[in-house]
1. Can you go through Ala70, Ala74 and tell me which one is surrounded by 11 or more Cβ atoms within 10 Å (Cβ to Cβ), of a type outside the set (Asp, Glu) and part of a strand (DSSP E or B)?
2. Is at least one residue of the range 48-65 within 16 Å of Lys10 (Cβ to Cβ) and either hydroxyl-bearing (Ser, Thr, Tyr) or in contact (Cβ under 8 Å) with a residue 60 or more places away in the chain (or both)?
3. Quick test of your reading of the structure: Lys7 fulfils all but one of (1) among the charged types (D, E, K, R); (2) surrounded by 11 or more Cβ atoms within 10 Å (Cβ to Cβ); (3) touching a residue at least 24 places away in the same chain (Cβ under 8 Å). Name the failing condition by number.
4. Within the range 77-100, can you find the residues that are within 27 Å of Gly16 (Cβ to Cβ) and open to solvent by 40 Å² or more (accessible area, probe 1.4 Å)?
5. Please enumerate the residues belonging to the range 39-50 that are open to solvent by 60 Å² or more (accessible area, probe 1.4 Å) and either at pLDDT 95 or above or in a strand (DSSP E or B) (or both).
6. Just to be sure, is Val36 among the hydrophobic types (A, V, I, L, M, F, W, C), at pLDDT below 95 and surrounded by 14 or more Cβ atoms within 10 Å (Cβ to Cβ)?
7. Identify the single condition in (1) closer than 19 Å to Val81 by Cα; (2) open to solvent by 50 Å² or more (accessible area, probe 1.4 Å); (3) not in a loop (DSSP other than H, G, I, E, B) that Ile25 does not satisfy, given that it satisfies every other one.
Amino acid sequence: MAAKLKKGDKVVVLAGKDKGKEGTITSVDPKAGKAVVEGINIAIRHTRQSQTEQGGRLPKALPIDLSNLAYLDANGKPTRVGFRMEGDKKVRFAKTTGDVIDA
C-alpha cells in the first residue's frame, strides 16, 4: 500500500499521552506501520559512555503508530490523506480541502 504519511510531513497526534501535540515526521517504518515524530513520544534512554560520545540519560523519540497520526492541512486542521490521478501522476491530497499535498 502507498504511504499516506511520509518523512517531512507536519502531523498531529490523535491518541495517547501526547494527544494534540504537533510535530514533523523524521522517519517512517512502513512494514511496522510506525513513524518517529520530532518531540513526540519521548523516553529517557540510558547510554554507556564511549570514547566519542558522552553517556548518561538521553531523551529519545520513540516510534508511534501511524493510525494515531493525522496530516495537518494548509489551514492547520487534521485531515485524512487520499490518492487521486492528476494526468498520469498519482498524487496525495487532503480530504478536508481537496488540496494536493505533494505537487
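1. Details: Ala74 fails: part of a strand (DSSP E or B).
Checking each option against the conditions leaves just Ala70.
2. No, there is no match, as no residue in the range 48-65 is within 16 Å of Lys10 (Cβ to Cβ) and either hydroxyl-bearing (Ser, Thr, Tyr) or in contact (Cβ under 8 Å) with a residue 60 or more places away in the chain (or both).
3. Single failed check for Lys7: (3).
4. Scanning the range 77-100 gives Lys77, Pro78, Arg80, Phe83, Lys95, Thr96, Thr97.
5. Residues satisfying the conditions are Ile42, Ile44, Arg45, His46.
6. Numbers: among the hydrophobic types (A, V, I, L, M, F, W, C): yes; at pLDDT below 95: no; surrounded by 14 or more Cβ atoms within 10 Å (Cβ to Cβ): yes.
For Val36, the condition - among the hydrophobic types (A, V, I, L, M, F, W, C), at pLDDT below 95 and surrounded by 14 or more Cβ atoms within 10 Å (Cβ to Cβ) - is not met.
7. (2)
The values are calculated or read from the model by the stated rules, or taken from the named source; none is laboratory data. Computed from a predicted model, the values in this text were never measured in an experiment. Here the Cβ is made from the backbone with ideal geometry for all residues, glycine too, and neighbour counts use every protein chain on show. Note: accessible area is taken over every heavy atom of the protein model, side chains too, but ligands, DNA and RNA are not part of it. Shrake-Rupley method; radii C 1.70, N 1.55, O 1.52, S 1.80 Å.
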